Structure formats: structure tokens, C-alpha cells
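Taking it in order: structure first as C-alpha cells, then the write-up.
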Amino acid sequence: MPFHHAARIALAGLKTNKTRSALTILGIIIGVTAIIMVVSLGQGAKDLILSQIEGLGARVIGIIPGRQPKGPTDVLATLTASLTERDFSALQRKENVPYAQDVIPVVFGSETAYYNGQTYRPTLFGGNESMADIYDSYPERGRAVSADDVRSAADVVILGWTVADTLAPGQDLLGDRIKIKGRNFLVIGIMPKKGGASFINFNESVFLPYTTAQKYIFGIKYFNRIIIRADSEAHVAVTVEDVKATLRELHGITDPDKDDFGIETQADLLKTVGTVLSTLTVFLAMVAAISLVVGGVGIMNIMLVSVTDRTREIGLRKALGATNRNILTQFLLEAIILTGIGGIVGILLGAGLSFAISLVISNVFGLAWDFTFPVGAAVLGILISTIVGLIFGLYPARKASHMSPIDALRHE
Amino acid sequence: MPLMEVKNLEMTYTDEDVATPVLRGLSFKINRGEFVTVMGPSGSGKSTLLHILGLLERQSGGEYFFGGKQTSEYSEDEIAKLRNKKLGFVFQSFNLLPRTTVFENVKLPLLYSGIKEELWDTMARKAIDAVGLSHRLDFEPSQLSGGEKQRVAIARALVNNPEVIFADEPTGNLDSKSGEVVMDIIQKLHNEMGHTVILITHETYTAEYAERIIRLRDGMIESDTKVLNRRTGKLFQK
């Protein structure tokens, strides 16, 4: 029998039992919808997070103090005081790191700020005059930290929007003084209100010269980071090597395994975070795929009921000349068409919901969230659901095909 | 060569070690173009005989030749093909597909026939025309009377132009008036188109159409007689 006849018989069989057919594929629809949503939203989240990382700039290199763990069993060496003013000056010298455009020492930590009886505990970032440029943290009003501020360890701060708004609601703090660790700091700048997610929550941060932060607030002589910006992307790799060589020489290290510092580039971070997020998405999609198997069991269950229900029809078809193979094909096709339709509906539903969620995220939360249609997951969803139909439809179809026509016709 | 021949045909159903003999050694021949009625009280084995002759069931003993060939030599697929091409069935309970139009119901055997699809509509129309239901083409079985349903079933049995039409109590679910209409159609098929008809009945008015009556009792032939068709006066001619 030509395939399109077989398909037509199967379709007619499904059409005469519309409600049952619809209920049967519900499990498949939900399963495929879940897969599409997990993959689509996972991709959206990944794109968002990676774009945030890229926002840090491809030319930025971060130097982290302390020995870096080499594996899960390696206890992180907590020698966090390994980056000092001496390292900073050495890295600034062109003969050591020729392609470094900016070198910024960074100290950070939390400390309570006071103003007029109000308190707030922001994250303090101490840096130099290049900090505002690298972090894109220019104040909305007032000025950024200057080289003079750094040299003189001036008592000046730039407040994040939330910090200013909490300490003095509805009041302009610019030119006023706030108190941190019993010392007065002149507010020289106020940051704009920033939306969106970022690695630094600018709204809840306070920026100040690193010299001031080291001396008067944290009481330390080392840095939590040294940030270097290369003059071009092409020079990032060679700059990383220059930094390593300079620091090793300075710290008297000959064995690279004993480095007391670590280096992070955007490329490393992109790779690591990208891998983690992809793994997570795949894992979640697999969990969702399990629901497809459950859906398949549902299909088998209903198909078995359907075979029993339609015993007379099977007997009649056989009496009229249908071969076992004809009957097998009919019921197998019914199962595959069902799961195929379930797959398509699931893809549309999953894509629609993902799109709606992406609209909500980008409009309500103001994040740069893009909807992506996961083509791979869609193809896989259809494929898996069809295979599920084939596997779970086979047993009922075989059962139907092996019925004796006369037993089937006698069946009441 | 007879169209069908059974020799010492036996059928025994075995259910949980209890053997129930239904047919106990039947032997007879049926020629092309005969109109045979099988009669007998219920439990005499007439339905079972029709199922075996109609290749819906295989006998447990004895031989059955269809078209000169032992039916045990046919494969499952060959038997399916025979059922499709050579045999037509009319059942007591109609067995039409629900929620499917008259037209589609009649086309059902064509689906399995290998006949070109372009011819289906013409063939189905012709068969429906032969039972006088051309005005009911797009009706579904639930919209038809019992007599009309049975006429659709006859059209379906007819559509592949089979050699033999098996009718198992075709009037059993009908009142005598629509029963007569159905029987007249079967008679016409036999007379005008030369179909061999094998009819099972226990109703005497139905038996009036026969030219040969095989009576069964307890799985054995009680009598096998040629009779005058009391409707047409035609006597069976060998």
C-alpha cells in the first residue's frame, strides 16, 4: 500500500477520536515545550551574561593576588597580600610591560557610611584616575577621581545612586561630607542610576582613590586586584606574558607552578562562564527530555486502549484484505503522527512562551535579553518525540496486527 | 473444477484443555455461480463454516481447496489478498466504520487492493449505485436506517468485484421489509452479475432465495439439497 494511503488511514483514525488524540499528545507537548524553553532561555541567559563580561572590555587583564588553585583538591593559598605598590610601579614601567595603556590598582571591601543619622553599607572601590574609564563609572554630576586625589590620598568619594539616595533621600549630597570609619569624606561626584545586571552593582558602590582606601579605611598596604588595559586586543596575550615575567622576577619565582598571583583575561572568563552555562543548559534540557519518555508511556497506554477499543475495526479491515503489515503501519503511523504533532505544537508553544518571557525580562527588568529560537533543540525535539512515538507505538501496533480477524469481529 | 471444495473439514476450539468440536467432518463442493444457503439451529457450526470458507479462520482438520489450491499452502499475505480480491463479506452487524461517510466506507477494500487511486471513486460509485444508495453518498452510518446500513455493507463487499459474497445472517438485524430489499439486492447480484453467494440464515423467507440448501446439525451435514428458487423459479443448473 502506498505510504500516503497509510498516512491517510492513520489520520482518519486520529480524526475520529479528536479529544483522545489531543489528550494523548499532551505529555509530548509539555515535554518538548520544556526542552525548547530551557534551551531558549538558557541561550538568552548565556548571551546576556557573556555580553556583560564582554562589556568589561576585551583588552582588560586582571591580576589576582595569591596562589591560584590548580585543581579541586588544591587548597587555595590565601596569600592575598602578594600584590603591592612595588608591583604596581614595576608594571607601570614601559620597559616591563610595553603595551599596558592603563594600570589600575584596586582595593575593595564593605564599610558603613554615615550621614546625618542615616547609615548605609556600600562596597568601596579604591582605584586611580583610570578607574572610571575602565569600569565606565563616570559620575553623572561632579567629577571622577583625579591623579592628584590619588597622590595626596584625598578624602573624596563618588557615591552610587542608591548610596546617595539612602543616606540623604531627596537631598543633594554633592559638596557635602559623609562619614566612614570616623573620617569625613567630601562627596565630589554622584553616579547616575544604573539599570541592568552587572558584575559591579554601581548603585550600591562608593568609589574613591585607592591610596585613601588603603590608608584610612582598610589599613592595608596591598591590592585586591591590579587591572591592566592593553593598548590593543592583539597585545593582550603578550601583555599577559610580560606581566607574568615582571611579577615572577620581582617575587623571585622560577617555577610557574609556584606563582603567587593569578591572571584573568576576558577570553578566559568568557570561555569558563560559557562552558558552565552551556553545561547547565544541556543538563536541564536532558531533565526535560525525561518528561518525553513519560509522555511516550502515556502514548503507549492510550494506544493500547485504542487498539482494544477498535478491535472490531481491525477485524473488519483484515476481513476486507488488510495484511498484518497494513495494520501495523496504520497504528505505528498513528503513534508517530501523534508524537510528531505533539513535537511541533511543543516547539511553537515553547518558542512562544520563551519569546513572551524574553519580552517581560527585557521590558520589565530592563535587561538586554534577546529571544533566540533554538533550531537545534527544535530539530532534536521533533526527532526525539517521533522516536518516542515509534518505540512506544510499536507494542500496541504489533498487538493490533496479530489479531485474528474473526476474534476481532466477534469482540463486543 | 469447483470454486471451493472441503474434504472431511473439522474445527475444534480448545480452551483451557477443554476441546469443543464445532465442525465434525464436512465434505462438499461449491461451483462458481451457485447460490448456497447454509441453515441450521444455533450452535450447529454454520458461522464457523462460513468463517473457514471465507478464509477468516483456519480449520483444525481436513482440507479446504479454494480455486483448486490447498488453503494451507497460502501465506498470510496471500490470504489477505484473496479476502481482498475474491471474497466479499456482509455481516449481521453491518460493521461500518463510524463517523466515516458511506463513500469512504465503500472505498475501504480498495485501500488494500493495489488498484490505482484514480479508479476508486468510479468503482465506489458503481457499487453504491448497485445497491441504490447514490443519494446517501456523504451520509455517515449513524444517519442511515438498518436496511440502508446493510446495503452500504453490500456495496463495500461488492466494490472489488469479488467472486464470492459471504453473507452471515444479513437480515438478522432488520425488519422483514428492509430484509427483503437486502435479499433482493443479493439475488440481483447473483443473477445479473454472476456472483457466487454463500448465505447463512435461519429465517425461512430468506432461504426462499436459495438454489441449494446445506443444513447443518451438531457440526455435521444433515442434508444438502438443490431446490427451486421460489422467487425466480430458477433451478440450480450444474
Enumerate the lysines that A:K179 could reach by cross-link, defined here as Cα to Cα under 30 Å, with residues fewer than 8 away along the same chain left out.
A:K193, A:K194, A:K215, A:K221
Can you tally the net charge around A:V273? Count Lys and Arg as +1, Asp and Glu as -1, for every other residue whose Cβ sits under 14 Å from the Cβ of A:V273.
-2
Mean shadow area of the protein assembly as shown, taken as a quarter of the surface of its Cα convex hull (nm²)
45.7 nm²
Counting every C-alpha pair in the range B:70-169, the percent lying more than 19 Å apart is 40 percent
Using the alpha-carbon atoms, what tilt in degrees (0 to 90, nearest 10) does helix B:102-111 show relative to the longest principal axis of chain B?
60 degrees
List the residues, sorted by chain then number, that are 5 or more residues from A:L124 or on another chain and whose placed amide H is less than 5 Å from its amide H.
A:G109, A:S110, A:E111, A:V206
Gap in Å between the Cα centre of the range B:175-204 and the Cα centre of the range A:335-412?
51 Å
On the accessible surface of the range A:83-259, probed at 1.4 Å, how many percent belong to carbon and sulfur atoms?
46 percent
Per-residue mean of C-beta atoms belonging to partner chains within 10 Å, peptide B:86-98:
3
Cα shape, chain B, gyration tensor, a/c 1.5 rule
prolate
Which values of log₁₀ I(q)/I(0), to two decimal places, follow from the Debye formula for the range A:177-336 at q = 0.08, 0.14, 0.20 Å⁻¹ with a uniform point scatterer at every Cα?
-0.60, -1.06, -1.30
Positive end of the dipole of the range A:83-259, charges at C-beta (+1 Lys, Arg; -1 Asp, Glu), about the Cα centre: which of A:G117, A:N128, A:H251 has its Cα farthest in that direction?
A:G117
Between the residues A:L167, A:L349, B:I198, the Cα farthest towards the positive end of the dipole of the protein assembly as shown, that dipole coming from +1 and -1 charges on the beta-carbon of Lys, Arg, Asp and Glu, is from B:I198
Above-threshold pairs, the threshold being 24 Å between Cα atoms, out of B:K29/B:K85; B:K46/B:K226; A:K94/A:K271
A:K94/A:K271
Looking at the square roots a ≥ b ≥ c of the eigenvalues of the Cα gyration tensor of the range A:224-280, which shape do they give, rounded for a/c under 1.5, prolate if a/b is larger than b/c, or oblate?
oblate
When ligands, DNA and RNA are left out and all protein chains stay put, how many square angstrom of accessible area per residue does the range A:158-268 have with a 1.4 Å probe?
46 Å²
Taking all protein chains as present, what is the carbon and sulfur share of the accessible area of the range B:73-208, in % to the nearest whole number, probe 1.4 Å?
48 percent
Once you order the gyration tensor axes a ≥ b ≥ c over the Cα atoms, which shape class does the range B:29-79 get: rounded for a/c under 1.5, otherwise prolate or oblate by comparing a/b with b/c?
oblate
Along the charge dipole of chain A, which of A:A397, A:G274, A:F218 sits closest to the positive end, that is, farthest toward it, with unit charges on the beta carbon of Lys, Arg, Asp and Glu (+1, +1, -1, -1)?
A:A397
Proximal aspartates and glutamates to B:K188, defined as alpha-carbon separation beneath 15 angstrom and excluding residues fewer than eight positions away on the same chain
B:E34, B:D129, B:E163, B:E180, B:E208, B:E211
If you build a Gaussian network model of chain B, linking Cα atoms that sit under 10 Å apart, which residue out of B:R58, B:R151, B:R212 swings the most?
B:R58
Which percent, to the nearest 5, of DSSP beta bridges fully inside the range A:83-259 are antiparallel?
75 percent
Treating only the Cβ atoms of Lys and Arg (+1) and Asp and Glu (-1) as charged, compute the dipole magnitude of the protein assembly as shown about its Cα centre; round to the nearest 20 debye.
1680 debye
Output the residues of the range A:320-344 meeting this criterion: accessible area (heavy atoms, 1.4 Å probe) in the chain alone minus accessible area with all protein chains in place is 40 Å² or greater.
A:L320, A:G321, A:T323
With all protein chains present and a 1.4 Å probe, the order of B:K149, B:K188 from largest accessible area down is B:K188, B:K149
Mind pulling the angle between the C-alpha long axis of helix B:76-85 and the longest principal axis of chain B? Nearest 10 degrees, somewhere in 0 to 90.
50 degrees
Which value, in Å² and to the nearest 10, is the accessible area of A:H251 when all protein chains are kept and the probe is 1.4 Å?
50 Å²
Are any of the pairs A:K15/B:K81; A:K15/B:K149; B:K81/B:K116 more than 25 Å apart by Cα-Cα distance, and if so, which?
A:K15/B:K81
With an 8 Å Cα cut-off and a minimum separation of 6 or more residues, compute the relative contact order for chain A in percent.
29 percent
Inter-part distance where the range B:1-70 and the range A:210-263 are each reduced to a Cα centre, Å:
99 Å
What does the range A:83-259 give for Rg and for Dmax, in Å, if only its C-alpha atoms count?
17.5, 57
Of all DSSP beta bridges in the protein assembly as shown, what percent run antiparallel (nearest 5)?
70 percent
Give me the accessible area per residue for chain B, probe 1.4 Å, as a whole number in Å².
44 Å²
Rounded to 0.05, the calculated FRET efficiency for the beta carbons of A:A234 and A:V297 at R₀ = 56 Å is 0.50
How do A:F3, A:F331 stack up against each other in accessible area, from largest to smallest, with a 1.4 angstrom probe?
A:F3, A:F331
With every protein chain in place, the accessible area of B:S134 for a 1.4 Å probe, in Å² rounded to the nearest 10, comes to 60 Å²
Between chains A and B, what is the buried accessible area summed over both chains (1.4 Å probe, protein heavy atoms, nearest 100 Å²)?
2100 Å²
Among A:L328, A:L269, A:L250, the residue with the largest mean-square fluctuation in a Gaussian network model of chain A built from Cα contacts under 10 Å is A:L250
Top mean-square fluctuation among A:G182, A:G352, A:G342, Gaussian network model of chain A, C-alpha springs under 10 Å?
A:G182
Against the longest alpha carbon principal axis of chain B, how many degrees, from 0 to 90 and to the nearest 10, is the axis of helix B:146-158 turned?
80 degrees
Straight-line reach from B:K107: which aspartates and glutamates have Cα under 13 Å away, leaving out those fewer than 8 places along the same chain?
B:E117, B:E118, B:D121, B:D138
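The values are calculated or read from the model by the stated rules, or taken from the named source; none is laboratory data. This structure is a prediction, so every number in the text was calculated from the model and none was measured. Don't worry about glycine lacking a Cβ; one is built from the backbone with ideal geometry, like all the others, and counts go over all protein chains shown. Protein only, heavy atoms only, side chains kept; ligands, DNA and RNA dropped before computing areas. Shrake-Rupley method; radii C 1.70, N 1.55, O 1.52, S 1.80 Å.
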